[in-house]
Amino acid sequence: MENVRLFRLALILAAALTLAGCGAKDKAASGGAAKIVPASAPAYVTVDSNADSSQWGQIEKLLEKFPDGGEAIRFLRSSFEDDTKLDWERDVKPALGDEIDLVWLDFEGGGGNVVAVTKPKDREKFKTAVTKANASDESDDELLVGEHEDWLVLSDAQAKIDRFKQQVPKGDSLADDSTYKDAVAELPSDALLTVFARGENLTSAFQKALGGITGGSPFQLTPGERPEFVTAALAAEDGGLHFVGRTRTEQEANDQIQTYESKLLDDVPGDALAFATFRGGDALDKQLRQLQGDAGGEALKEFERMLGVQLEDVTGLFENEVALYVRGGTPLPEFTLLLEAQDEVAAKKTIDGVLAKVSSTLPAEPCHEPPKQAGVKTSCVEIGDFEVRTAAFDGKAVVTTGPKAIEEIRSGGPRLADDDAFKDARGSAGVPDKNGGFVWLDLEDGLPLVFGFADLSGEEIPPQLRRNLEPLRSVVAWAERDGRTSSAELFLAID
C-alpha cells in the first residue's frame, strides 16, 4: 500500500519518543520545514520529534500517573526495536531532529502524493536507521531518502521526492503565506502534533469524491460555508491532553451560530454523570427548507405521515437550547432530555404525539402511576425496561426515564453547576461561560458504573484495563464561532 512506510515512520518515531525518559530541556521548533514548502501545498502536518522537548516531557509525566505506565513504555520500546531492528539509544535518538513534517503535493490518487521532511541532528545516522528499517520490513514499500540543503525528504517513490524538490519555493513559501500564518496563530504555541489543510483543496477533493459516487456534483457551499482553512493541534498539558480544532470560512455566515450561557444547566441534579447542551437556532430551519426544496420533499411528507406530526413541529422543539444529562440508576442509568420551550403546551403535544407513534410499534403499555408528579401533569409509557415520562413546565419540556427526575428538577436540591468536580473540569478545559455548546463526561464516577453493569451482564473487563482507566477524570468538549472562525476543543483530564 502506498505511503505505508512513510506514515509508519512518522508515527512510530513519535510513539517511540516516550521511551527516551529524558525530561524536558529544549522546546522543539514548530513548523520549521514550512519555509521550504510551497505556499500552494494543500496540507501540512508537523510532528514534534524532539525527545527533549517540553511536550514529550509532559507526556512522560502523564504516563507516570498510570499504574502500568512504566510497563507500557517498556513494551513500546521492545516493540519498536523488534519491529525496526533498531536500537533506540544508539540508532534513533541521536539522529532525530526537532520535527518530522508531512507535506501533501496534491490530493490526487487518494491522497497518496505526500512526502516527509526532516532536519536530523545526524543525517548519516538517520539515513542508516532508515536503511536498517527498510531491511527489516518484509513488504515492498521501501522508504526512499532524498536531500535538499540541510533537509532530508522521504517518500515511497523517487518521483514524489523529485517533484517536491522542484516545487521548493524560490520566493514566498508556506511559512510566508497569510492563510497559513493565520491558521497556526489559532493553535497552541507548543504542541505534539499540528495539522493544516487549505479549504479550497479540501472542498475540491470532496466534490470530486462525491461526484464519483453520485455521478454528479450536487455538493455546493456558499462563501459563508466554504472553509478557507482547517487546522488542528494536539498538546500535552499538566492536567491532561488538549485537542484544538479551528476552521475559517471565506465569508461570515448569514445564519451565524450564537454563543449562549446554558440556562438548563441550572436544572440538572448535582449527581449527574454526563451533560450536553446545544442550540439548533436557524440552522435547523434552513436545513429543513433545503430538504423540502430538494427531491427528498416527497420522502419528508411520507415521513410526516408515518410520524403523525409535522416535521416543522419536531424541529421546532430543538430551535432553542437543548440539554441531555445522565444519572446513575438501578438497574440501568437514567436519561433526561430538557428542551427550552416557549410554548409548553405545544411542545408537550408534539412530544407525546411522537412518543405515541413510536410506542405503537413496540411492546408498550401505559404506566400505572398518578398523572401528576411534583404538581406537574405527566404522561408515562412503559417500553421494555424503560418508563418514559414527559412533562412541560417553567418554560421547558422534559422527556426522561428517571422515575423521580421531574420531582428532582423542580426541587431545590444540589445542582451540577455548583459541583466542584464539574467546575474544575470546565476550568481545566478553558470552557467560556458563553459558548456554542459543550459536552461533559464524568469518567471518575462514570467508569465504575460501566464496570458494574459489565459485571452484572457477565462481561469480563481485564483488571489491567480497569486500573489503568482510574487516572482518567473527565472529558470536556466545546465549540463556538466568532465571525468567520469556528472552534472546537476537547480536554481529557488525567490525575
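Shape verdict for the chain, please, from the Cα gyration tensor: rounded (a/c under 1.5), prolate (a/b greater than b/c) or oblate. Intermediate results must be reported in sequence, preceding the final value.
Working: a/c = 2.33, a/b = 1.63, b/c = 1.43.
Here the chain falls in the prolate category.
Here are some pairs, Lys377/Lys423; Lys127/Lys165; Lys61/Lys423; which of them have Cα atoms lying more than 29 Å apart in this structure? Over 29 Å apart, Cα to Cα: Lys377/Lys423.
Let's test the formula: R0 of 25 Å, r as the Cβ-Cβ distance of Thr203 and Asp141. What FRET efficiency results, to the nearest 0.05?
Between Thr203 and Asp141 the formula returns 0.25.
Once the chain from Val168 to Leu456 is taken as fully extended at 0.36 nm per residue, the excess over their C-alpha distance is 97.5 nm.
If the only charges are +1 at each Lys and Arg Cβ and -1 at each Asp and Glu Cβ, what is the size of the charge dipole of the chain around the Cα centre, to the nearest 20 debye? Mind showing how you got there, number by number?
Numbers: 53 positive and 88 negative charges, 116 e Å.
Dipole size: approximately 560 debye.
Think of it as helices only: each DSSP H run of n ≥ 4 in the chain is worth -39500 (n - 2.57), and spread over all residues that comes to -10500 deg cm²/dmol at 222 nm. Cross-link pairs exceeding 19 Å between alpha carbons, from the set Lys35/Lys170; Lys35/Lys132; Lys93/Lys125; Lys349/Lys396: Lys35/Lys132. Farthest toward the positive end of the dipole of the chain, out of Ala183, Gly32, Phe164, is the Cα of Phe164, where the dipole comes from beta carbon charges about the Cα centre.
Coordinate-derived values only; no laboratory data. Since this is a predicted model, take the numbers as computed values, not measurements. Heads up, the Cβs are rebuilt from the backbone with ideal geometry, glycines too, and the neighbour counts pull from every protein chain shown.
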